[in-house]
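The values are calculated or read from the model by the stated rules, or taken from the named source; none is laboratory data. The structure displayed is predicted, hence computed values, not measured ones. Quick reminder, even Gly has a Cβ in these numbers, built from the backbone with ideal geometry, and neighbours come from all protein chains shown. Note: areas computed on protein heavy atoms with side chains; ligands, DNA, RNA excluded. Shrake-Rupley method; radii C 1.70, N 1.55, O 1.52, S 1.80 Å.
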Amino acid sequence: MIAVSVIVPFHNAESTLGAALESLLTQQCREEVEFILVNDGSTDHSEELVKYFFALHPEFEKKSILINSPFRQGVAAAYSLGLNNARGEYLARLDSDDTLSSNAIDIMLTTARTEGADIVCGKIKKIYPGKSSKICTPSSLFGNLNCIPLNTTNFSLCNKLVRKSLLSNNDIFPTAGIDCWDDVSIMSRAFSVSSKSIAVSQSVYNYTIDIQNASLSNTPHELTMRQRLMCCLLVEKWFVERETADKFEEFILLMKFHAKIKLLRGEYCDIKKWRDTYPEVNKNIMKIKQLPWIMRTGFYILDKLPLIMGKTICKTIDKFVKR
């Protein structure tokens, strides 16, 4: 029986995919693992690289499934393809420009077995240009949806094992076309139905920050904002349908707060639109305990200021932050 399915979506990743595959090759796991490689319409030599890798490592090929999409559909759709073909009890994800830490799969799977956990999370090592790095640790309240900060370490799929049945039994699937926050969409719902979520002390994932190449973090401002706002609507709808929206009100407010924050950034700063978008967030800003008290107070005041004054303050802060 396959214990873990590792899904690797990739698009035009020939410069980084080799290292990602090497990190899979070196994983030592006491149970059976499969690798599902999803080619999301690459037009470079990514598919050729995978086939060369298979030729060099036939045992790896036996454990792998290569799925080719004839055209690019986006990360969420590519992950769905992998999910639909996954046979493992647990799911993991590896982005094509990152790597897994040594024995990451075995570390998380052992914890999942020992603790009977639906979700297991490890630390992330962020690697910046110039080879400097930073270890990011999950919240001490990991798994408590209303208490954990909305950040990459807590909500990324890439540093976690997630029980597949937790997703399939609760209709938790990616939404095609929503590539920004696809992780947030899945993990927020998974946390809400998980019986047990555990964080381990080891670093399991190496996240490479590459400011030179395009990624979801620097996609066009308007597209990012639209997708995040839509993600909020879809996730909230899921909670409402299950009559748990009141229970997870704090998280829903936090998600909406982060989704609309880009309306205050730089040249796009639009105080009125920010106020009109999810006005319930501004009304209940002091309830969002995941945000520091001083931040909540600042946004409470910003909501009351004249538009011109508010815009001036936002632009000043934005310039300071960019420095």
Check segment 281-289 and report whether any residue there is of a type in the set (Lys, Arg), touching a Cys at 6+ places or on another chain (Cβ under 8 Å) and assigned to a loop (DSSP other than H, G, I, E, B). yes
Take the residues of segment 237-261 that are of a type in the set (D, E, K, R) and buried (at least 19 other Cβ atoms within 10 Å of the Cβ): which is modelled with the highest pLDDT? 256
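Is it the case, given these coordinates, that residue 210 is within 21 Å of residue 236 (Cα to Cα), surrounded by fewer than 23 Cβ atoms within 10 Å (Cβ to Cβ) and among the acidic types (Asp, Glu)? If you could, list the steps in order and put the result at the bottom.
Numbers: within 21 Å of residue 236 (Cα to Cα): no; surrounded by fewer than 23 Cβ atoms within 10 Å (Cβ to Cβ): yes; among the acidic types (Asp, Glu): yes.
So residue 210 fails the test.
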Index of the failed condition, residue 274 passing every other in (1) of a type in the set (Phe, Trp, Tyr); (2) open to solvent by less than 20 Å² (accessible area, probe 1.4 Å); (3) within 16 Å of residue 150 (Cβ to Cβ): (3)
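Please determine, by comparing only the residues of segment 290-323 that are of a type in the set (S, T, N, Q) and assigned to a helix (DSSP H, G or I), which one is least open to solvent (accessible area, probe 1.4 Å).
We begin by selecting, within segment 290-323, every residue of a type in the set (S, T, N, Q); these are 290, 297, 312, 316.
Remaining after also requiring assigned to a helix (DSSP H, G or I): 297, 312, 316.
On the way: 297: 34, 312: 79, 316: 88 Å².
So the residue we want is 297.
So which residues in segment 1-12 are over 17 Å from residue 174 (Cα atoms) and in a strand (DSSP E or B)?
Restricting attention to segment 1-12, the residues satisfying the condition of being over 17 Å from residue 174 (Cα atoms) are 1-4, 11-12.
Residues satisfying the conditions are 2, 3, 4.
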Return the residue satisfying two criteria in turn: it lies in segment 118-140 and is small (Gly, Ala, Ser) and either in a strand (DSSP E or B) or surrounded by 23 or more Cβ atoms within 10 Å (Cβ to Cβ) (or both), and of such residues it is nearest to the chain's Cα centre (by Cα). 122
Is it the case that residue 172 is in a strand (DSSP E or B), in contact with a Ser or Thr (Cβ under 9 Å, 6 or more places away or on another chain) and in contact (Cβ under 8 Å) with a residue 12 or more places away in the chain? no
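Could you list all residues from segment 1-55 that are hydroxyl-bearing (Ser, Thr, Tyr) and in contact with an Asp or Glu (Cβ under 9 Å, 6 or more places away or on another chain)? Please lay out each step first, then the result.
We begin by selecting, within segment 1-55, every residue hydroxyl-bearing (Ser, Thr, Tyr); these are 5, 15-16, 23, 26, 42-43, 46, 52.
Of everything in segment 1-55, those that are hydroxyl-bearing (Ser, Thr, Tyr) and in contact with an Asp or Glu (Cβ under 9 Å, 6 or more places away or on another chain) turn out to be 5, 15, 16, 23, 42, 46.
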Residues that are exposed (fewer than 14 other Cβ atoms within 10 Å of the Cβ), at least 3 per element: which helices (runs of 4 or more DSSP H) completely within segment 13-104 meet that? 46-56, 58-62
Considering only residues that are assigned to a strand (DSSP E or B), touching a helix residue (DSSP H, G or I) at 6+ places or on another chain (Cβ under 7 Å) and closer than 22 Å to residue 167 by Cα, which ones fall in segment 184-203? 197, 198, 200
What pairs can you find where one residue is in segment 151-167 and more than 17 Å from residue 7 (Cα to Cα) and free of Cβ contacts under 8 Å to residues at least 60 places away in the same chain, the other is open to solvent by 10 Å² or more (accessible area, probe 1.4 Å) and of a type in the set (S, T, N, Q), and their Cβ atoms are less than 9 Å apart, with a gap of 6+ or different chains? 151/139; 153/137; 153/139; 154/139
